[in-house]
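The values are calculated or read from the model by the stated rules, or taken from the named source; none is laboratory data. Predicted, not measured: the structure shown is a model, and the values here were computed from it. In this analysis, Cβ positions are derived from the backbone assuming ideal geometry, glycine residues included, and neighbour counts consider all displayed protein chains.
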Amino acid sequence: MKREALATLALCSMLGCASEPAASVTVGSKKFTESVVLGELASHMIEDAGMGARHRPELGGTRILWKALRMGEIDVYPDYSGTLAVEILGGRVATDHAALSQALAKQGVVLGKPLGFENTYAIGMREENAARLGIRSISDLKAHPELRYGLTAEFLDRKDGWPGLSRAYGLTPREVRGLDHDLAYRGLEAASFEVTDVYTTDADIDYYKLRVLEDDRGYFPEYRAMMVYRADFVRAQPEAHAAIERLANRIDATTMRRLNYQVKLEKRSEAAVAAGFVAEHFETRPRAAGPGSAHSPGRGERLLRHGSQHLTLVAISLLAAIAVALPLGIVAARRRRLGQLIIGVVGVLQTIPSLALLVFMIPLFGIGASPAIAALFVYSLLPIVRNTHAGLSQLPLATLESASAMGLSDTARLCLVELPLAAPSILAGIKTAAVINVGTATLGALIGAGGFGQPILTGIRLDDHALILEGAIPAAVLAVVASLLFDGLERLLVSPGLRIGR
Amino acid sequence: MLELRQVHKSFDGVAAIRGVDLEVQARETLALIGESGCGKSTLLRMWVGLVEPDGGDVIFDGEPLDRGNLQALRLRMGYVIQEGGLFPHLSARDNTALMARQLGWPADRIAARVEVLRELTRLPAAALGRYPGELSGGQRQRVSLMRALMLDPDVLLLDEPLGALDPITRSELQRELREIVGQLGKTAVLVTHDLFEADFLGDRVALMREGEIVQQGTLDQLIDKPSEPFVARFIEAQQRPTRRETGATR
């Protein structure tokens, strides 16, 4: 909690924003609508009991939330029994509540009571296709290897997802591709493929008229929804824990699908939907407007907030990268062996997939802006180190010897001759880093760093094109502006003498 | 003023300099001459500290060169190379003034000194503000010479300074260079492969072959009493065709 408060304080002072009221409970949620709704519900229950709540919605995935929970960055988040059993506990534990609770307790995590619905994975097809081909169960798919599969990226990778499913049913389709869950429905509609994985409480099942195929071999484990708490938190704030647990057994599958439908297809905010549910099912006291969801503030205000978050991520990480990469590049150019090592190591860092790097940063920096800045810093190193090294290594020997022969010290030669001559290359490296950085920073939203990635993430989740563009266009504009800025900087910093004959 | 004592140098196991003894008196101009790869540039670069000998002593004004005194002694030498020696990011004026600024000379002293040198080297005033890329080859070498003379060094070390110029500019600069060196009374070493230039600019000529000095003396001594057949062959080759013709008109 202290960490969180510090991090929030640091971020707020960086952004120069007014600090939010101190939150006593931090709720996390995954980046799909149901999880966000459950997160809002938990926040409402806490506030209803007279305590402060902060919701960090739309974090990247199970691993990110789990790490954030263990580290104390969040106190509670909604998850599913099957996911916990397979993804977190490696499939060595039965999915029944007692066994799961026991296994999680060893990791300092308390499992809440089931919320009352199951949201299992299932395989779905458009009703008309399924009817035409006479497909009712997953087994029936075996006879149709010509069908194309569009599966969500997470499903493709998960141990309880496609690898096991295709083995269990002997499915060998000709075409399988991975995509985002929210894009999958649109792909079905556009007939880019015929088969996809769905969640059984998805609002879209009704909306897109899908047939959910029967899991006739009982492959998919149970995915009972429940809250997951850090044990420290339960001990320290039993009232908050009890308040959230009032949701236990109150949400059945129909209710959950309706709540999802209200957000996704009726375009109501998660906060409003959650408030409606709480008002309907619990004795509540009057309260102020719920914690801000992604849609509540106006567009201008959102743009400003996301823009300042995005700029903060990019500026801090880039400045730090310049401060580190420039000396590294100079050392690399001076000492050939060490230089190869430096460039090799920095190059390997660059090959780490961005999402993986973000996840690695969580144990070190928690969630929010800091881990995103750290990851962007790492990505900015290579272009700057490499271009500094290249710029300095390619200087003509005659020029360098003349500088030494006139009596300049090594340091003076570096500052007065080498760096000015290598400046075009170095600046080009910094420019590359900045442009990559502006783009990659959109992924920061996955670990709660905000920025222009936030509206993109929410827009994809809610199938809201305007919202996606609200993030994508400013990010693109920012990249172009960064590029122009560095062109201007080059004109200012690079001697006109170096432009002659170019 | 300048001396080499039994210096040796190998590059990648190949002997480039094989035990050279050489002395240059104060105010004397010595021309080092020989075919390319004979080691004449390497000898010059030893005095300015760009090549460290494997054995032997490099002596500047009675002081053996070492890492400790190199930086200070370099301020007393002016070094000019064929091409690429000027800093492309600095104007002619800034190239010339760079080291004086580093040493903390006041601006007016620098400006006055640059002006003296500009007149001495006959560089057009407008060229001072230009970058090396905007200057002609001849102007670039004039600026190189200005830069080498900026701190009023005791010694000029000239490594094929006119090698990349067209014939007309080259002969013009040869005359001016002789005038300047003579007028300033500097000690100078000139590396060239052109016998005429060596004779024209040098008080004395040292002919090198494969890392050794074959013969030194005035050109007349080399012509009249070649120490070995190579000397005569080298001179003969250089005289054809230009030298014989110019010789005839002399």
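Tabulated data
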{"read-out": "Qualifying positions in segment A:181-213 - under 13 Å from A:Y121 (Cβ atoms), of a type outside the set (V, I, T) and over 28 Å from the mean Cα position of the chain (by Cα)", "value": "A:L213"}
{"read-out": "Cβ pairs under 7 Å, 6+ apart, first in segment A:353-382 and in the same structural domain as A:T442 (by TED's automatic domain parsing), second part of a helix (DSSP H, G or I) and aromatic (F, W, Y)", "value": "A:P371/A:F365; A:A374/A:F365"}
{"read-out": "Residue list for segment A:463-502, filter: surrounded by 15 or more Cβ atoms within 10 Å (Cβ to Cβ) and within 30 Å of A:A203 (Cα to Cα)", "value": "A:D463, A:D464, A:L467, A:I468, A:E470, A:G471, A:A472"}
{"read-out": "Matching entry among A:I460, A:I456 (being in a helix (DSSP H, G or I), closer than 24 Å to A:K30 by Cβ, hydrophobic (A, V, I, L, M, F, W, C) and at pLDDT below 90)", "value": "A:I460"}
{"read-out": "Within segment A:410-435, considering residues that are more than 17 Å from A:S495 (Cα to Cα) and among the aliphatic types (A, V, I, L, M), the one nearest to the other protein chains (Cβ to nearest Cβ)", "value": "A:A412"}
{"read-out": "Residues being in a helix (DSSP H, G or I), touching a residue at least 40 places away in the same chain (Cβ under 8 Å) and of a type in the set (G, A, S) - total across segment B:184-239", "value": "1"}
{"read-out": "Wholly within segment A:396-445, helices (runs of 4 or more DSSP H) carrying at least 3 residues that are touching a Pro at 6+ places or on another chain (Cβ under 7 Å)", "value": "A:419-440"}
{"read-out": "Members of segment A:333-352 that are without any contact (Cβ under 8 Å) to a residue 24 or more places away in the chain and of a type in the set (A, V, I, L, M, F, W, C)", "value": "A:L338, A:L341, A:V345, A:V348"}
{"read-out": "A:V278 vs. criteria out of contact with any His (no Cβ under 6 Å at 6 or more places or on another chain) and hydrophobic (A, V, I, L, M, F, W, C)", "value": "no"}
{"read-out": "Members of segment A:57-81 found to be of a type outside the set (A, V, I, L, M) and assigned to a helix (DSSP H, G or I), listed by number", "value": "A:T62, A:R63, A:W66, A:K67, A:R70, A:S81"}
{"read-out": "Qualifying helices (runs of 4 or more DSSP H) (wholly inside segment B:41-154; at least 3 residues being within 14 Å of chain A (Cβ to nearest Cβ) and at pLDDT 95 or above)", "value": "B:92-102, B:137-149"}
{"read-out": "Test: A:T411 is under 16 Å from the mean Cα position of the chain (by Cα) and under 26 Å from A:G329 (Cβ atoms)", "value": "no"}
{"read-out": "Any hit, segment A:166-173, residues being among the basic types (K, R), loosely packed, with under 13 Cβ neighbours inside 10 Å and farther than 24 Å from A:T254 by Cα", "value": "yes"}
{"read-out": "Selection within segment A:381-409 - crowded, with 21+ Cβ neighbours inside 10 Å and either more than 10 Å from chain B (Cβ to nearest Cβ) or closer than 29 Å to A:A434 by Cα (or both)", "value": "A:L381, A:L382, A:P383, A:I384, A:V385, A:R386, A:N387, A:T388, A:H389, A:G391, A:L392"}
{"read-out": "Neighbours by Cβ (under 6 Å, 6+ apart or cross-chain): first from segment A:471-499, away from every other protein chain (no Cβ under 14 Å); second surrounded by 15 or more Cβ atoms within 10 Å (Cβ to Cβ) and not in a helix (DSSP H, G or I)", "value": "A:G471/A:F452; A:P474/A:F452; A:A475/A:F452"}
{"read-out": "Count of residues meeting criterion [touching a residue at least 12 places away in the same chain (Cβ under 8 Å), outside any strand (DSSP E or B) and out of contact with any Gly (no Cβ under 9 Å at 6 or more places or on another chain)] in segment B:29-40", "value": "2"}
{"read-out": "Entirely in segment A:195-275, the helices (runs of 4 or more DSSP H) that have 2 or more residues that are of a type in the set (S, T, N, Q) and crowded, with 19+ Cβ neighbours inside 10 Å", "value": "A:253-264"}
{"read-out": "Members of segment A:318-358 that are under 23 Å from A:V435 (Cα atoms) and outside any helix (DSSP H, G or I)", "value": "A:I352, A:P353"}
{"read-out": "Filtered residue count, segment A:98-141, keeping only those that are surrounded by 13 or more Cβ atoms within 10 Å (Cβ to Cβ), farther than 30 Å from A:P238 by Cα and either among the small types (G, A, S) or without any contact (Cβ under 8 Å) to a residue 60 or more places away in the chain (or both)", "value": "6"}
{"read-out": "When residues of segment B:46-73 are limited to those that are among the hydrophobic types (A, V, I, L, M, F, W, C) and without any contact (Cβ under 8 Å) to a residue 12 or more places away in the chain, the one nearest to B:M99 (Cα to Cα)", "value": "B:A72"}
{"read-out": "Every residue from segment B:141-199 that is within 27 Å of B:P106 (Cα to Cα) and surrounded by fewer than 16 Cβ atoms within 10 Å (Cβ to Cβ)", "value": "B:D152, B:Q183, B:L184, B:G185"}
{"read-out": "Any hit, segment A:436-453, residues being within 14 Å of another protein chain (Cβ to nearest Cβ), crowded, with 21+ Cβ neighbours inside 10 Å and either under 20 Å from A:G368 (Cα atoms) or under 38 Å from the mean Cα position of the chain (by Cα) (or both)", "value": "no"}
